[in-house]
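First up is the structure itself, then whatever we jot down about it.
Bear in mind these aren't lab numbers, they're just calculated from the coordinates by the rules spelled out. Not measured: the values here are computed from a predicted model. Cβ placement follows ideal geometry from the backbone for every residue including glycine, while neighbour counts extend to all protein chains displayed.
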């Protein structure tokens, strides 16, 4: 039998495991032109929370009783499509299931194993990496001498955003939610400073670690962190807004105070979604893969084994328990 | 005797006339290198409210017991400076007084009367005009087919922002606080639609008048209007943030809700202050003066006579009673 993860109800506020079921299901049928796949890695991403809601977002919502879908790395195990051969490794938006079918092979992208680990196509060589690049470099425009502050700095995007800004000459400061994450940023990712926002209030952390103010704030969280960054921003600061995870699980919306700083400090606050930039992926991969191979760029994946642990892995990621990109491994490489 | 307007105390919340005094004062002394001036027009501007506070803003605060200072058009009536001759018309940051001195003539700019009325150097050919241009065109980047929404549309900046966006091909919608202002926008300024936000809620006004959503929101007010514009924004909308007058007179800060739209709709929200763009003034004047002369561009000034009425004129402007740029005329042209 096949196994899949379905959404059983829409969460109100924080999502918990009662919103999911691990269930046996039929083996997928590989029709004419279709490609049969065995899943290897499931990507857990903050944006999936928005898709669990009924309201409109930038991605269509999940349906109750249907499988969760995200980017998945998979092996072709059967193919009625001349473009795909058994044994090839691909990624696509696929069901959270052990096996699935890509109708007519649509939406599948072959992974070049020479670029790096196949899981990297969901992390440093995939959308999280490109997200960090577009936000930190293209929108954030770091210059030598700038101070760049990254929230959720030990996350999949944050650790790269910081390293990219650092390569561009900025002094890089991160905040994260545990001492282990702070140690990871300082010892492995080359951040100039980092602090645990659970033990040092954001305002104090920024006063202490960004004494020259903030020129670039890579916003992964919104909420009170964004408010603090507005207070500590310098004139002409750039705020790429990549995520507002602090709000994703909130029922209400407290509002962001202090937005007058946009005006008094001429801040450019720019939301972006990586879907608008996917055409840049190949160029990004070609630029970054050598840095990964040489060890100039560090990237950490947090791999949870077992499809039955996927709901807990996703929830835990949203609660901040992972360092780096969290993947669920559901099949052998 | 000379007469001046001084700040007598710092306002808490809405400013009222008790914060000002009209007082007799000594005639200014024109020392070596100085220029003696007779004021003609005083500029009333929303940013002056911020300067009445004690806290830091982008302009230094006014001191209690000292004259209010803003841009003033004045005539040279005495000069110990070879660069200025009696009879010349200039503008500069000067005291709100009938007569004042510019030490060593610093900060005075000669007005070219061939460009337009001398009062225009405080309005359509001055900072309000350049503000409208930078926000609506340089930051707002209107394209044919876009919908541009302007709040405080009948104000000094708003009426021009709308006309500039319209020239660039956008459909232009304005909101203002009276039926007279709405009529002014529709009948004189060429707006495609306009509504009175005091009789039609912003949300309903935007639904009715921006059925295709908003691509450019020229924000003069912040607050609930900004929140509504976020709700009605299209993907990739540009929000030049020029003012947040709704908050200037508030003691608290309710926060802006719905800022997640920055992310879901990839909105670029960019605060700007015209001080950063003053080097563009001459090019702007050269571009716009012909449009004014030909009547292609319309501009309304609301001129209140009498220095003793300056406090009430400023307060009334902040409360929205003026159409277009409000000036206080304190001397003959």
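What angle, in degrees between 0 and 90 and rounded to the nearest 10, separates the Cα long axis of helix A:281-294 from the longest principal axis of the Cα atoms of chain A? Once rounded, the angle reads 80 degrees. A crude spin-label estimate for the pair residue A:110 and residue B:312, with each label 7 Å from Cα along the Cβ direction, gives 8.2 nm.
Over chain A, the reciprocal of the mean inverse Cα-Cα separation, the Kirkwood hydrodynamic radius, stands at 20.5 Å.
When chain B is treated as a GNM with alpha-carbon contacts under 10 Å, the residue of B:79, B:123, B:114 showing the greatest mean-square fluctuation is B:114.
If you count the DSSP beta bridges with both ends in the protein assembly as shown, what percent of them are antiparallel, to the nearest 5?
Numbers: 66 of 114 bridges.
The antiparallel proportion sits near 60 percent.
Scattering from the C-alpha atoms of region B:43-133 alone, worked out with Debye: what is log10 I(q)/I(0) at q = 0.19, 0.24 1/Å? Log10 I(q)/I(0), no solvent term: -0.98, -1.27. Among B:299, B:84, B:191, the largest mean-square fluctuation in a Gaussian network model of chain B (Cα springs under 10 Å) belongs to B:84.
Applying 0.36 nm per residue to the separation of residue A:321 and residue A:38 and subtracting their alpha-carbon distance, the gain on full extension is 99.1 nm. Compared with the alpha-carbon gap, the fully stretched path from residue B:24 to residue B:64 is longer by 12.8 nm at 0.36 nm per residue.
Straightening the chain between residue B:287 and residue B:8 buys 96.3 nm, computed as 0.36 nm per residue apart minus the Cα-Cα spacing. Note: relative contact order over region B:127-275, using C-alpha pairs below 8 Å and six or more positions apart, is 23 percent. Suppose we consider the axis relating copy A to copy B; can you name the residue of A with the nearest Cβ and state that distance in angstrom as an integer? Closest Cβ on chain A to the axis mapping it onto B, in Å: A:255, 1. Take each residue in B:269-279, count the other chain C-beta atoms within 10 Å of its C-beta, and the mean is 4.
Counting other Cβ atoms within 10 Å as a rough exposure proxy, the listed residues B:7, B:297, B:327 run B:297, B:7, B:327 from fewest neighbours to most.
Every Cα-Cα pair of region A:102-229 was included, and the share exceeding 23 Å stands at 33 percent.
Mean residue ellipticity, 222 nm, helices only, chain A: the sum of -39500 (n - 2.57) across DSSP H runs of n ≥ 4, divided by residue count and rounded to 500, is -6500 deg cm²/dmol. Axis of helix B:223-232 versus longest Cα principal axis of chain B: the two differ by about 30°, to the nearest ten degrees. By the count of other C-beta atoms within 10 Å, a proxy for reagent exposure, B:43, A:18, A:119 are ordered fewest to most as A:18, A:119, B:43. Please list log₁₀ I(q)/I(0) at q = 0.11 Å⁻¹ for the protein assembly as shown, using the Debye equation with identical point scatterers on the alpha-carbon positions. Ignoring solvent entirely, the Cα scatterers give -1.09. Taking every alpha-carbon pair in region A:1-95 and binning the separations at 5 Å intervals from zero gives 3, 12, 19, 23, 17, 12, 9, 4, 1, 0 percent. Its relative contact order, with pairs defined as Cα atoms under 8 Å and 6+ residues apart, puts chain B at 18 percent.
Taking only C-alpha pairs under 8 Å that are 6+ residues apart, what is the relative contact order of region B:39-111 in percent? Here the relative contact order equals 28 percent. Comparing B:188, B:300, B:232 in a Gaussian network model of chain B where C-alpha atoms under 10 Å apart are linked, the largest mean-square fluctuation is found at B:188.
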